[in-house]
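The structure appears right after this line, and notes come after that.
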Amino acid sequence: MRKIRFSPLRFAIVLLACVVTAPGYAETIIFGHILDDSTAHNQGIVWAAKQIDSQLGGRYQLQVFPRGQLGKTDAEVVEGFKYGTANMAYLSFGHLLNIYPPLAIGAGPYVFRDFDHWRAFRDSALFQELVTDMEQKTGLKTFGLAYYGERHVTTHTPLRSLDDFKGLVIRVPNIPTMILTFRALGARPVPIPFKETYQALKAKIVDAQENPLPTMRAMRFYEVSPVVNLTSHILDAQLIVMDAKFWNSLPAADRPMLARIFGEAAQRVTQDVRQEELALRQTLSEQGVTFNEVDRAALAAALRPFHHSDYFPWGGELYDRIQTLH
């Protein structure tokens with residue numbers, strides 16, 4: 001993992017994290033993520049903080065740092081576990097490519113047919129098998145999977161066919177699976193930090209971006225990229241993770257309650273995001289957004305061979321096992 005540069009805020013948090021907890025003082029748990037305060041993901045962790053305070057007698061204080069204060073990407077926040085700048089984070093499937101490649105398949109194109117298929121994977125023995133193996137190999141403790149939404153491509157003009165993806169300059173997060181997906185379609189993916197995406201669209205540095213509808217609403221991307229092409233190319237999600245060393249340092253008697261609260265937070269986020277993305281079709285239409293139906297079958301067919309080659313790191317056998325889930 002690359003070297004972290006400390007900002008004054010991070011340095012202050014390290015000092016806070018290094019203070020020995022004395023009797024009468026709460027144990028501080030630091031949760032960092034890159035999303036806006038208004039998102040279901042942030043609200044879910046704020047809910048968890050209140051539950052922890054009330055149900056564990058004030059012995060813990062969960063501090064939440066949204067909007068990329070502790071790192072511009074999920075991976076940067078998780079990297080901070082080594083330095084104590086954070087103890088917990090949301091970790092997107094795509095960022096697992098360099099941490100635990102098999103689970104990066106969750107950010108692969110057209111791996112999931114729809115939300116029900118994604119949910120079947122989340123609840124499957126296969127998913128638990130992968131999580132258990134990841135925990136053993138990475139030093140991460142996982143508490144649940146929070147749905148992020150169906151990712152769609154926004155542009156100024158509708159995408160009518162596969163040919164329209166050729167040469168399309170599209171902003172993507174700096175996630176290898178995302179870059180590989182759009183390169184496979186002939187587009188020109190450009191990694192740009194999340195917080196800089198709106199300005200990049202406005203200044204026409206890029207022609208397009210891709211995100212779920214709730215994210216487009218929170219970041220107002222529809223103002224500068226008003227056509228939503230309903231590609232549903234990825235049904236994205238984020239693991240709620242903690243540094244395993246920190247987890248193991250907590251009193252064993254408190255861990256079941258903490259695990260239950262974080263698991264329930266993931267469920268609450270999933271429900272809220274799913275309800276919001278269904279409602280936003282109507283809401284965004286009323287705000288002038290154009291929704292363009294796309295031939296998803298053609299896109300999926302174009303990308304399917306890449307799952308059975310060395311192009312993606314998970315291999316065709318795992319892809320095929322997921323396809324059998326119902």
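The values are calculated or read from the model by the stated rules, or taken from the named source; none is laboratory data. Treat the numbers as computed from the prediction; the structure is a model and nothing was measured. A quick note on method: Cβ atoms are made from the backbone with ideal geometry, for glycine too, and the neighbour counts reach across all protein chains shown.
The table below lists the values:
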item: Exclusive hit being touching a strand residue (DSSP E or B) at 6+ places or on another chain (Cβ under 8 Å), among the small types (Gly, Ala, Ser) and surrounded by 18 or more Cβ atoms within 10 Å (Cβ to Cβ), set ALA244, ALA259, ALA237; result: ALA237
item: Positions within the stretch 44-78 being basic (Lys, Arg) and assigned to a helix (DSSP H, G or I), in sequence order; result: LYS50
item: Residue ID - surrounded by the fewest Cβ atoms within 10 Å (Cβ to Cβ), chosen from residues in the stretch 168-182 that are aliphatic (A, V, I, L, M) and within 20 Å of GLU196 (Cα to Cα); result: VAL169
item: Where ASP310 falls short, out of the listed (1) outside any loop (DSSP other than H, G, I, E, B); (2) of a type in the set (Asp, Glu); (3) without any contact (Cβ under 8 Å) to a residue 40 or more places away in the chain; result: (1)
item: From the options LEU284, LEU280, residue that is out of contact with any Leu (no Cβ under 6 Å at 6 or more places or on another chain), touching a residue at least 12 places away in the same chain (Cβ under 8 Å) and either under 30 Å from ASP163 (Cβ atoms) or surrounded by 18 or more Cβ atoms within 10 Å (Cβ to Cβ) (or both); result: LEU284
item: Extreme residue, surrounded by the fewest Cβ atoms within 10 Å (Cβ to Cβ), among residues of the stretch 33-61 that are among the polar types (S, T, N, Q) and touching a strand residue (DSSP E or B) at 6+ places or on another chain (Cβ under 8 Å); result: GLN61
item: Any hit, the stretch 90-107, residues being free of Cβ contacts under 8 Å to residues at least 60 places away in the same chain and in a loop (DSSP other than H, G, I, E, B); result: yes
item: Residues of the stretch 282-307 that turn out to be under 22 Å from the mean Cα position of the chain (by Cα) and either in a loop (DSSP other than H, G, I, E, B) or modelled with pLDDT under 95 (or both), as a count; result: 0
item: Residue match in the stretch 113-124 (condition: surrounded by fewer than 22 Cβ atoms within 10 Å (Cβ to Cβ), part of a helix (DSSP H, G or I), aliphatic (A, V, I, L, M) and at pLDDT 95 or above); result: yes
item: Residues satisfying the stated conditions in the stretch 277-326, i.e. closer than 23 Å to LEU230 by Cα and touching a Ser or Thr at 6+ places or on another chain (Cβ under 9 Å); result: VAL289, PHE291, ASN292, VAL294, ASP295, ARG296, ALA298, LEU299, LEU303, PHE306, ILE322
item: Verdict on VAL153 being surrounded by 22 or more Cβ atoms within 10 Å (Cβ to Cβ), under 26 Å from TYR90 (Cβ atoms), aliphatic (A, V, I, L, M) and out of contact with any helix residue (DSSP H, G or I) (no Cβ under 8 Å at 6 or more places or on another chain); result: yes
item: Any hit, the stretch 79-98, residues being charged (D, E, K, R) and within 21 Å of GLU210 (Cβ to Cβ); result: no
item: Those residues of the stretch 188-216 which are surrounded by fewer than 22 Cβ atoms within 10 Å (Cβ to Cβ) and either under 20 Å from GLN43 (Cβ atoms) or in contact (Cβ under 8 Å) with a residue 60 or more places away in the chain (or both), in sequence order; result: PRO193, PHE194, LYS195
item: Condition met for VAL77 (surrounded by fewer than 24 Cβ atoms within 10 Å (Cβ to Cβ), touching a strand residue (DSSP E or B) at 6+ places or on another chain (Cβ under 7 Å) and at pLDDT 95 or above); result: no
